[in-house]
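Peer 1: Got a structure here, written out as structure tokens. Questions coming.
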Amino acid sequence: MAGRRPGLVGRTSVAFALAASLAVAGGNAQADTSAIPICPTTDELSVYELPTGLNVHTCDVEGLVVTYDGTGIEMPEADTAVSIDMLAEDGTEHGFTLIVTSDGKVSYDLSEANTESPSAGEDRADVMSPRLTAGDLTEESDLPVSEPPTPDGLEVAEVDAASSPGECQDGAYSTLDRKEYGIYNWYLGDGAYPAGMTRSQALEYFEGSIGRITASTNNCGLTDQVPAKSHYAGTTTYEADVSASGTCTARDGKSTWDAGDLAAGAVASTCAWTWPNPVGKNDLREADVRFNIADFDFTRNPTSTCNGRYHDVLNTGTHEAGHIFGLGHVGSGHSNLTMYTKADRCEVKKRTLGKGDVMGLRSIY
């Protein structure tokens, strides 16, 4: 949308001239400056560059992209929150939430990008109606995770796996401000799929990924007490609303799973749009998932010949489906859980949920 708004130089000149004229005009004019909205004049801003008091009702922000740490979100309509969750191969946290309240005020939440992994389990407070839920939920820390030192001769992944409890002993989880109150109706994109799968194979593996979350599939003997539901609604010509640069674009009304290009380092990304719910977590309206086949190779069945070359489709898909139904990342020290933030090649342990993953779903549903 280049050319839609005046450039930064123009904005600075106009602002300087306006300030000078108001100073000459006297006290009354100066007092009125608080009523003049400060609107962005570029098509992209970081969260730290967002003007204080930005309001979608008083500023033309259609198409404006707000960025944070290699991810981005296109400005949504009022009364909507948009979140991006990225599964990175190196285990670093990437993602945030952009919030527009019903009266048009814009804010953001970075807690998804700074996960302090709890030892038992932790729910995230409602970011759009905090007064309704903050008293019952524990807000997650915004402090970065302190990583333990790596002993000589060992890879970080090896150290983390060795120090992590088993999947059936680890009760850690984090939840997002997101819940599917009805049925998650999703579509299969009609373009490319990971691992060169056919359409029928993609349906089988994507549906299997979602089903492992809704059925609480685990090897720990934990029963399914989660009433979350999904429904495959068919194929669509619409694509997942995730750009090659890792931005959640404007939603198209269809929750689509597909494959394509993503930001470097992102194995897969989920974009979710929610509406506020006055009595609990935000109501999921749409959630799109894209696998990054531009930078990574995938397989349906990692074998002994995988040799660190491929990411497993079902392993990745189950993790992304967890985000859709409200699960957040867990970090260092919890590598045996499905929602562990790091994606390893040839890994299959995310295919089945650990204790913390199941407990997290139960806390939501």
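Values in this text are rule-based calculations from the coordinates and carry no lab data. This structure is a prediction, so every number in the text was calculated from the model and none was measured. Cβ sites come from the backbone with ideal geometry, for glycine too, and all protein chains shown count toward neighbours.
Peer 1: Please give, to one decimal in nm, the separation of the simple spin-label points placed at THR42 and ASP190, each 7 Å out from Cα toward the Cβ.
Peer 2: It works out to 3.9 nm between the two label points.
Peer 1: What's the center-to-center distance, using Cα atoms, between region 199-242 and region 297-365 in Å?
Peer 2: 13
Peer 1: Oh, and also: For the residue pair ALA78 and GLN201, what label-to-label distance in nm results when each label sits 7 Å from Cα along the Cα-to-beta-carbon direction?
Peer 2: Calculated label separation equals 4.9 nm.
Peer 1: Using each residue's phi in region 195-204, evaluate 6.51 cos²θ - 1.76 cosθ + 1.60 at θ = phi - 60° and report the 3J(HN,Hα) Karplus result to the nearest Hz, with x for Gly and Pro.
Peer 2: Going residue by residue, I get 6, x, 5, 6, 4, 5, 5, 4, 4, 4 Hz, with x marking Gly and Pro.
Peer 1: Please list the three semi-axes, largest first and in whole Å, of the ellipsoid equivalent to region 319-365, using sqrt of 5 times the eigenvalues of its alpha carbon gyration tensor. List each step's numbers first, then the result.
Peer 2: On the way: eigenvalues 60, 22, 18 Å².
Ellipsoid half-lengths, sorted descending, are 17, 11, 10 Å.
Peer 1: Can you tell me the Rg and Dmax of region 159-312, counting just the alpha carbons, in angstroms?
Peer 2: Final numbers for Rg and Dmax: 16.8, 52 Å.
Peer 1: How much FRET efficiency would the formula 1/(1 + (r/R0)^6) give for ASP60 and THR237, where r is the Cβ-Cβ distance and R0 is 30 Å, rounded to 0.05?
Peer 2: About 0.50, to the nearest 0.05.
Peer 1: While we're on this one: Out of residues 5 or more away from LEU327 or on other chains, whose amide H comes under 5 Å of its own, with H placed 1.01 Å from N in the peptide plane?
Peer 2: LEU176
Peer 1: Moving on. Could you give the length gained by full extension between SER363 and GLU49, i.e. 0.36 nm per residue of separation minus their alpha carbon distance, to one decimal place?
Peer 2: 109.5 nm
Peer 1: Based on other C-beta atoms within 10 Å, arrange LEU327, LEU110, LEU337 from fewest to most.
Peer 2: LEU110, LEU327, LEU337
Peer 1: Additional query: Run the dipole for region 219-335 about the Cα centre, Lys and Arg Cβ at +1, Asp and Glu Cβ at -1, nothing else charged, and hand back the magnitude in debye, nearest 20.
Peer 2: 240
Peer 1: Taking θ = phi - 60°, what integer Hz values does the Karplus form 6.51 cos²θ - 1.76 cosθ + 1.60 yield along region 286-302, in sequence order, with x for Gly and Pro?
Peer 2: Result, rounded to whole Hz: 7, 8, 10, 10, 10, 8, 8, 8, 6, 10, 9, 9, 10, 9, 8, 8, x.
Peer 1: Around TYR232, with a cut-off of 11 angstrom between Cβ atoms, what is the net charge of the other residues, counting Lys and Arg +1 and Asp and Glu -1?
Peer 2: Once positives and negatives cancel, what remains is -2.
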